[in-house]
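The values are calculated or read from the model by the stated rules, or taken from the named source; none is laboratory data. Please read these numbers as outputs of a predicted model, since none were measured by experiment. Only protein heavy atoms, including side chains, enter the accessible area calculation; ligands, DNA and RNA are left aside. Shrake-Rupley method; radii C 1.70, N 1.55, O 1.52, S 1.80 Å.
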Amino acid sequence: MTGQVVRPYGDTTGDGRVQVSFTLPVPFGTVAERARAEGAALQLAAKMGLEPAMVVHAKGMGPGFTFCIVYGRVAHLVDLSQVTVTEREFPLLSSPEINRRIRRALGRKMVVVGACIGTDAHTVGIDAILNVKGHAGEKGLEYYREMRIVNLGAQVDVADLVGASRAERADAVLVSQVVTQRDAHLSNARQMAAAFRAAGPGRPLLVVGGPRFDPGTAAALGVDKIFGKGTAPGEVASYLVHALAPEPAVSATAEGTA
């Protein structure tokens, strides 16, 4: 397949071969149980449209569960013209430019409060963005001279986040969510947005991030911006400046004079 319509690639171009993994609530102990588990995996694969399919790996995951990897062929095509991509709406800026714009637009340091909310204890995401040591070769927001960072850490209650943000007079609130079971990241983001709305006018910029967020759902969750997996600190810093310290508009008269 070429052009806008393509098929998955496995062994040869356009053969439609795919590999999927899943866990079934069936035991994987005795020989009979293993055969039943693999048969259940093949039945599910057939209902998913994989034909023919084979179980290339199966392993017990504690009592009563089996993890399976299935390899098979699908007849489905992908129309690339129907794929939507959320493009970055702001330029990536250097650290001196970020500091300059904050100083000129705000006349003070930009205050950024970060946290993991709810039961989420995984601070690796928020620390990668905020801590000076940063992530992927980029220094975190603590590195920027014109930013003041308040990292509240893990398992922060939403009410406490709102209270701390108001006490610190935060310009922006950054929330990282790694725990996604039962879509906890979505419910937590909605709860946070609702709490800030209820707190009254003048709410800070709300930014959430994590591996399972869809960047295109910010408005539906009630937040200003969503960052997905692989986001580096410089991109977050550039967005904060884009949203909170924009360049002043240049009038046509001023352009002509220049």
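Surface analysis of the chain yields an accessible area of 56 Å² per residue, using protein heavy atoms and a 1.4 Å probe.
Once the Cα atoms are used to define both axes, helix 184-198 deviates from the longest principal axis of the chain by about 30 degrees. Only protein atoms count toward the accessible area here, which uses a 1.4 Å probe; on segment 107-251, the carbon and sulfur part of that area reaches 51 percent. Using only alpha carbons, segment 130-254 has a radius of gyration to Kirkwood radius ratio (Rg to Rh) of 0.98. Taking every DSSP helix (H) stretch of at least 4 residues in the chain, weighting each as -39,500 (n - 2.57) and dividing the sum by the residue count yields a mean residue ellipticity at 222 nm of -9500 deg cm²/dmol. For the chain, the longest principal axis of the Cα atoms and the long axis of helix 31-47 meet at an angle of about 60 degrees. Hey, how many Å between the Cα centroid of segment 11-62 and the Cα centroid of segment 213-239? Between the Cα centre of segment 11-62 and that of segment 213-239, the gap is 35 Å. Between the helical axis of 158-168 and the longest alpha-carbon principal axis of the chain there is an angle of about 20 degrees. Lys-Lys pairs in the chain that are eight or more residues apart or on separate chains and whose Cα atoms lie under 23 Å of each other come to 7.
Per-residue Karplus couplings for segment 103-117, computed as 6.51 cos²θ - 1.76 cosθ + 1.60 with θ equal to phi - 60°, are listed in order as 4, 6, 7, 9, x, 6, 6, 6, 9, 10, 9, x, 6, 10, 9 Hz, Gly and Pro entered as x.
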